[in-house]
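This report refers to the structure that appears directly beneath it.
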Amino acid sequence: MALKASEINESTKWQDLTEGLQIYEPATSKDFHTGEWRTDTPVWIEEKCTQCLLCVPYCPDSCIVVKDAKRTDFDYDHCKGCGICVAACPFKAIEMKEGK
């Protein structure tokens, strides 16, 4: 029987993992911090932001957090640093920096 994502930790034996590390349970993306894959990091420049929210639907990982109809900083736990948000922002309120 496959382990649930919440049951996998550093002491998990390789024999207990699924083939190809496939995950067979729904809604596990919050359990995995895929932002660790990032090599470049988007930086939100709040002073330039007009809150047009044009960047939000372009983020493939839903990492641009909106609260009370205003965007806030990125969800860096899941942002992979693709840079699509930079291209989507007409006000240059997002820049990429090298590193995490």
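The values are calculated or read from the model by the stated rules, or taken from the named source; none is laboratory data. Here the structure is a predicted model, which is why all the values come from computation and not from measurement. Quick reminder, even Gly has a Cβ in these numbers, built from the backbone with ideal geometry, and neighbours come from all protein chains shown. We work out accessible area using only protein heavy atoms, side chains counted, and drop any ligands, DNA or RNA first. Shrake-Rupley method; radii C 1.70, N 1.55, O 1.52, S 1.80 Å.
Of all residues in segment 69-79, those that are buried (at least 16 other Cβ atoms within 10 Å of the Cβ) and of a type in the set (Lys, Arg) total 1. Residues that are over 16 Å from the mean Cα position of the chain (by Cα) and among the aliphatic types (A, V, I, L, M) within segment 86-100 comprise Ala87, Ala88, Ala93, listed in sequence order. When residues in segment 55-65 are screened for being part of a loop (DSSP other than H, G, I, E, B) and loosely packed, with under 13 Cβ neighbours inside 10 Å, 1 of them pass. Here is a list of conditions, (1) at pLDDT 90 or above; (2) open to solvent by 60 Å² or more (accessible area, probe 1.4 Å); (3) assigned to a loop (DSSP other than H, G, I, E, B), and Tyr24 meets all of them except one; can you say which number that is? Evaluating Tyr24 over (1) at pLDDT 90 or above; (2) open to solvent by 60 Å² or more (accessible area, probe 1.4 Å); (3) assigned to a loop (DSSP other than H, G, I, E, B) leaves (1) as the failure. Does Trp37 count as open to solvent by 40 Å² or more (accessible area, probe 1.4 Å), closer than 24 Å to Glu7 by Cα, among the hydrophobic types (A, V, I, L, M, F, W, C) and out of contact with any helix residue (DSSP H, G or I) (no Cβ under 7 Å at 6 or more places or on another chain)? So Trp37 passes the test. Of all residues in segment 88-100 being small (Gly, Ala, Ser) and over 16 Å from Glu36 (Cβ atoms), which is surrounded by the most Cβ atoms within 10 Å (Cβ to Cβ)? Among them, the one singled out is Ala93.
For the structure I just gave you, tell me whether Cys85 is open to solvent by less than 20 Å² (accessible area, probe 1.4 Å) and either in a strand (DSSP E or B) or modelled with pLDDT of 95 or more (or both). Walk me through it before giving the result.
Working: open to solvent by less than 20 Å² (accessible area, probe 1.4 Å): yes; either in a strand (DSSP E or B) or modelled with pLDDT of 95 or more (or both): yes.
Taking the combined requirement at face value, the residue satisfies it.
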